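To start, the structure itself, in structure tokens.
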């Protein structure tokens with residue numbers, strides 16, 4: 001398990017040459033597939049295209065670097081329509097509210113937990129606000145079938161909320177074990 005925030009800023013190293021070829025600027029998530037599709041190495045602007053590395057080209061995500069096989073894995077996002085569309089829409093998961101079907105806000109997504117081997121989203125780190133975070137620590141909501149991403153918020157069923165409340169401490173401990 002790795003937090004998305006631990007990946008941003010890592011250098012990308014070529015396994016064959018040992019050369020640093022890029023630094024990760026952002027992650028491109030698919031809300032439909034609940035996984036990372038690409039790592040952004042250059043953000044797009046008016047004059048420059050966004051550059052990415054498809055996640056399937058990543059050999060490993062370590063503590064200090066990301067390893068890819070060859071130097072030529074960096075591609076223009078414009079050449080990959082589904083990834084380009086996600087970048088263009090600038091849909092972010094971090095910062096979204098998490099709301100139950102009955103309308104209760106249980107927090108804001110502060111980070112995403114991923115499986116570094118597959119890029120699959122395993123869960124979300126939530127904040128209840130600064131004071132609550134300091135007193136109790138941040139909560140971990142595992143990705144469970146039944147979570148829906150809307151345009152402005154993540155919606156969870158009341159059943160998921162009940163399980164979340166019952167197992168908060170257990171979920172926090174799972175994250176601590178990996179660190």
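The values are calculated or read from the model by the stated rules, or taken from the named source; none is laboratory data. Being a predicted model, the structure only gives us computed values, none of them experimental. So basically every Cβ, Gly included, is an ideal-geometry build from the backbone, and we count neighbours across all protein chains shown.
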Conditions (1) at pLDDT 90 or above; (2) not assigned by TED's automatic domain parsing to the domain that holds residue 21: number failed by residue 128: (1)
Can you tell me which residue among 21, 83 is assigned to a helix (DSSP H, G or I), surrounded by 13 or more Cβ atoms within 10 Å (Cβ to Cβ) and outside the structural domain of residue 119 (by TED's automatic domain parsing)? 83
